[in-house]
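First, the structure itself, so that you have it in front of you.
Read-outs throughout are calculated quantities, based only on the coordinates presented, and are distinct from any laboratory measurement. These figures come from a predicted structure and were not determined experimentally. Quick reminder, even Gly has a Cβ in these numbers, built from the backbone with ideal geometry, and neighbours come from all protein chains shown.
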Amino acid sequence: MPGLIERYMDRLPFEPGDPIITLDEGSTPLVQAPRLSERVGAEVWLKLEGANPTGSFKDRGMTCAVSAAVRDGARAVICASTGNTAAALAAYAARAGIRGVVIVPEGKIAMGKLAQALMHGAQVVALQGNFDRALELVRKVAARHPIALVNSVNDFRIEGQKTAAYEIAEALGDLDALCIPVGNAGNITAYWRGFREVGLSPRMFGFQAAGAAPLVHGSPVAAPETVASAIRIGNPARWEQAMDAMTSSRGGVDAVSDEQILDAYRFLARDEGVFCEPASAASVAGLLAHGAGGAQRVVCVLTGHGLKDPDTALASVGGVIPCAPELDMIERVIVGQGLS
Ligand code: AN7
């Protein structure tokens with residue numbers, strides 16, 4: 001499939017002939033989740049955004065933000081990031097042949113994301129502070145220098161990300177509820193915009209990690225903490241729009257503990273064959289813990305791939321079984337576990 005700007009140009013702020021920086025993002029799988037459906041007593045679908053080129057939904061926003069920046073003559077792009085935006089920025093900046101700069105909280109981004117940003121040649125600044133401080137600082141840098149800010153405060157990001165709602169509408173026709181993790185609150189804003197544009201109003205249920213749940217508390221969190229590093233955010237930039245999406249759709253926002261997140265993370269991997277990153281599992285943890293208002297047909301957005309964060313995966317499961325290179329030793333190990 002072509003990238004999403006080409007697919008949806010009539011509904012995006014681009015014209016034929018504009019420069020398009022793309023990796024053929026979007027068109028991600030929407031798969032049924034039979035075991036999860038059974039557990040919650042509803043028809044549950046998973047939108048696998050980890051199948052995007054850099055492994056997260058950020059590619060949808062980044063193709064638009066970087067294409068628009070190039071159209072405006074930008075030679076450099078910058079963002080603050082908990083990791084996935086940094087990886088996407090780095091890839092699309094490389095594709096565009098412009099400079100990429102990312103500011104990330106030192107020691108708090110998953111290994112895969114760091115490897116991506118560095119491999120794609122972005123300048124990676126490890127801030128001795130959290131994401132919220134990084135976002136404050138990049139806003140100031142972008143105001144003072146000719147460098148385009150591509151965090152989701154940039155509306156082109158929202159425009160690109162709304163296309164995931166189009167794809168769900170095309171695949172299902174209609175749905176009763178959407179469950180989605182909320183960090184900086186750009187994605188829930190984007191889905192709501194996309195659904196409204198195609199005439200749908202599913203109930204929007206946003207889920208935050210309990211240690212980083214400003215929308216649930218109704219006030220910013222100064223020192224957010226969670227195993228789901230992607231959503232370790234205490235003062236979301238799209239606060240009002242996210243609340244509007246949840247209120248006007250008769251949805252809501254709730255918190256899930258790290259334990260609930262990790263349980264859902266393992267359940268998806270072991271029982272549905274879907275490996276997402278911990279932040280993504282917050283959508284399913286939320287559905288399991290809080291329900292979705294009695295909805296019949298529910299879509300959970302799995303925002304990023306599990307391979308992004310191998311450290312958390314390995315810390316969440318049992319280890320390997322060492323074995324001498326002999327047939328009888330292998331048999332003892334695997335037949336001992338029962339084969340038939
Ligand atoms: C996997 O990369 O904020 O509510 O800087 O990586 O739109 O912020 C990532 C966010 C959910 C939350 N799931 O989305 C960043 C960043 C994953 C994420 C979110 C993020 P928003």
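Calculate for the chain the 222 nm mean residue ellipticity that helices alone would give, adding -39,500 (n - 2.57) per DSSP H run of length 4 or more and normalising by residue count, nearest 500 deg cm²/dmol. Don't skip to the end; give the middle numbers.
Working: 15 runs with 149 residues, N = 340.
So the helix-based figure for the chain works out to -13000 deg cm²/dmol.
Give me Thr189, Thr63 sorted ascending by neighbouring Cβ count inside 10 Å, so fewest comes first. Don't jump to the answer; show the numbers that get you there.
On the way: Thr189 28, Thr63 33.
Exposure proxy ranking, most exposed first: Thr189, Thr63.
Moving on to the next point. So, with +1 on the Cβ of K and R and -1 on the Cβ of D and E, and no other charges, what is the size of the charge dipole of the chain about its Cα centre, to the nearest 20 debye?
Working: 30 positive and 36 negative charges, 181 e Å.
I would put it at about 880 debye.
Points 7 angstrom from Cα along the Cβ direction at Arg196 and Ile334: gap in nanometres?
If labels sit at Arg196 and Ile334, their model points lie 5.6 nm apart.
Between Ala222 and Arg39, how many nm apart are label points set 7 Å from Cα along the C-beta direction?
Inter-label distance under the simple model: 3.6 nm.
Residue farthest toward the positive end of the dipole of the chain, with Cβ of Lys/Arg at +1 and Asp/Glu at -1: which of Ala315, Ala190, Phe205?
After comparing all options, I get Ala190.
Which ordering of Ile5, Ile321, Ile188 is given by a fewest-first count of other beta-carbon atoms within 10 Å? Before the final figure, lay out the partial values.
Details: Ile5 24, Ile321 10, Ile188 32.
Taking fewest neighbouring Cβ atoms as first place, the list is Ile321, Ile5, Ile188.
Continuing with this model, one more query. Fewest Cβ neighbours within 10 Å first, please rank Ser316, Ser67, Ser280 accordingly. Provide the component values of the computation, followed by the final result.
Working: Ser316 15, Ser67 25, Ser280 35.
Fewest to most other Cβ atoms nearby, the residues stand as Ser316, Ser67, Ser280.
Order of 178-184, 138-144, 286-292 by packing, highest average Cβ count within 10 Å first?
Highest mean packing first, the order is 178-184, 286-292, 138-144.
Residues of segment 2-33 with the amide nitrogen closer than 18 Å to a label point 7 Å from the Cα of Arg71, along Cα-to-Cβ, please.
3-25
Mind checking Rg over Rh on the chain, alpha carbons, Kirkwood formula for Rh? Spell out each step's value before the answer.
On the way: Rg = 20.1 Å, Rh = 20.3 Å.
We get a ratio of 0.99 for the chain.
Listed here are the pairs Lys47/Lys108; Lys47/Lys308; Lys140/Lys162; which of them are more than 24 Å apart at the Cα? Please report the intermediate quantities before stating the final value.
Values: Lys47/Lys108 26 Å; Lys47/Lys308 17 Å; Lys140/Lys162 27 Å.
Violating the 24 Å limit, Cα to Cα: Lys47/Lys108; Lys140/Lys162.
When each pair of different Cα atoms in segment 82-238 is counted once in the 1/r mean, what is the Kirkwood radius in angstroms, to one decimal? Please report the intermediate quantities before stating the final value.
On the way: mean 1/r = 0.0603 Å⁻¹.
It is 16.6 Å.
Next question, about the same structure. In vacuo Debye scattering of segment 58-155, one point per C-alpha: log10 I(q)/I(0) at q = 0.22, 0.23 Å⁻¹?
For segment 58-155, the Cα-only Debye profile gives -1.07, -1.18.
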